[in-house]
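Worksheet: one structure, shown below.
The values are calculated or read from the model by the stated rules, or taken from the named source; none is laboratory data. Keep in mind that this is a model prediction, so the values were computed, not measured. Positions of Cβ are generated from backbone atoms using ideal geometry, with glycine treated the same way; all protein chains shown enter the neighbour counts.
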Ligand code: MF3
Ligand code: CO
Ligand code: CO
């Protein structure tokens with residue numbers, strides 16, 4: 001596969017799909033409380049996507065090579081779960097942190113975004129990991145402009161995460177996105193500045209760092225999807241879909257409920 005450059009018409013469709021994905025997160029936010037199950041969160045999001053937005057939940061039955069079909073409409077990754085957690089019957093308890101990852105299809109185009117949520121009050125350590133991971137995502141976003149290199153993104157993320165004593169998950173990365181859920185290029189969340197392909201206007205891709213409080217190593221659960229930290233340390237993730245513009249970057253997955261840029265980012 002090669003990197004697609006979106007036309008102005010395609011960019012407009014990406015803007016719509018991406019805003020809608022973010023609005024699913026806005027919608028589910030007030031339901032994230034101790035006592036609710038992740039399966040109930042999935043049902044709430046599914047109904048909103050299908051019945052209110054008229055979007056298609058891209059994860060449902062998604063089957064990349066080597067995988068079994070994904071059984072739900074969203075991903076919910078709790079505490080030591082890194083990504084691709086399958087919603088189920090387990091209730092959230094006070095102090096849990098979780099990532100909710102939403103991908104919708106609207107008019108043939110994908111929008112992909114995730115945020116961290118707290119059930120009740122998180123520990124100081126969990127809050128800090130969540131905040132630093134958010135800063136990592138934004139520091140990556142801020143490197144994006146025509147002429148920048150893909151490696152600049154990973155370098156910014158890795159540098160900030162490791163300065164705090166955290167580690168960057170290597171096995172999963174950001175990705176081009178558009179008509180397909182996962183397109184070229186792969187957007188690594190670690191690496192060296194000035195390496196990798198040169199960014200050009202019209203590219204759309206995600207930046208979605210997974211940062212572990214402990215070691216970087218992960219393993220997959222027997223369900224074939226859920227990824228957890230090998231050392232059971234907490235993991236956090238945030239995700240935006242972005243567009244390379246003529247002059248810099250446009251974050252496409254913004255909505256009324258999206259948190260503001262962190263103070264560490266100035267532009
Ligand atoms: N939304 C995830 C990503 O950011 C992919 C989830 S694949 C699924 O790339 F099948 F688990 F939904
Ligand atoms: Co993604
Ligand atoms: Co996602």
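Only one of 111, 120 is surrounded by fewer than 19 Cβ atoms within 10 Å (Cβ to Cβ) and touching a residue at least 12 places away in the same chain (Cβ under 8 Å). Can you tell me which?
120
Give the stretch 70-79 a look and list any residue that's more than 8 Å from ligand 1 (Cβ to nearest atom) and within 16 Å of the chain's Cα centre (by Cα), or say none.
Listed by number, the residues that qualify are 73, 76, 77, 78, 79.
Is the stretch 102-111 home to any residue that is part of a strand (DSSP E or B) and away from ligand 3 (no atom under 16 Å from the Cβ)?
no
With 101, 42, 107 as the choices, which residue is in contact with a helix residue (DSSP H, G or I) (Cβ under 6 Å, 6 or more places away or on another chain) and modelled with pLDDT of 95 or more?
Result: 107 is the single residue among 101, 42, 107 that is in contact with a helix residue (DSSP H, G or I) (Cβ under 6 Å, 6 or more places away or on another chain) and modelled with pLDDT of 95 or more.
Looking at (1) within 16 Å of ligand 2 (Cβ to nearest atom); (2) touching a helix residue (DSSP H, G or I) at 6+ places or on another chain (Cβ under 9 Å); (3) not in a strand (DSSP E or B), which one does residue 76 not meet, given that it meets all the others?
The single condition residue 76 does not satisfy is (3).
Going residue by residue through the stretch 45-56, is there one that turns out to be outside any loop (DSSP other than H, G, I, E, B), without any contact (Cβ under 8 Å) to a residue 40 or more places away in the chain and under 27 Å from residue 137 (Cα atoms)?
yes
Which of the residues spanning the stretch 189-208 are closer than 23 Å to residue 179 by Cβ, without any contact (Cβ under 8 Å) to a residue 60 or more places away in the chain and within 16 Å of ligand 3 (Cβ to nearest atom)?
Across the stretch 189-208, the qualifying residue is only 205.
Applying the selection to the stretch 80-96, what residues are crowded, with 22+ Cβ neighbours inside 10 Å and away from ligand 3 (no atom under 15 Å from the Cβ)?
92
Where residues in the stretch 213-224 are over 24 Å from residue 185 (Cβ atoms) and in contact (Cβ under 8 Å) with a residue 60 or more places away in the chain, which of them is surrounded by the fewest Cβ atoms within 10 Å (Cβ to Cβ)?
Among residues in the stretch 213-224 that are over 24 Å from residue 185 (Cβ atoms) and in contact (Cβ under 8 Å) with a residue 60 or more places away in the chain, the one surrounded by the fewest Cβ atoms within 10 Å (Cβ to Cβ) is 223.
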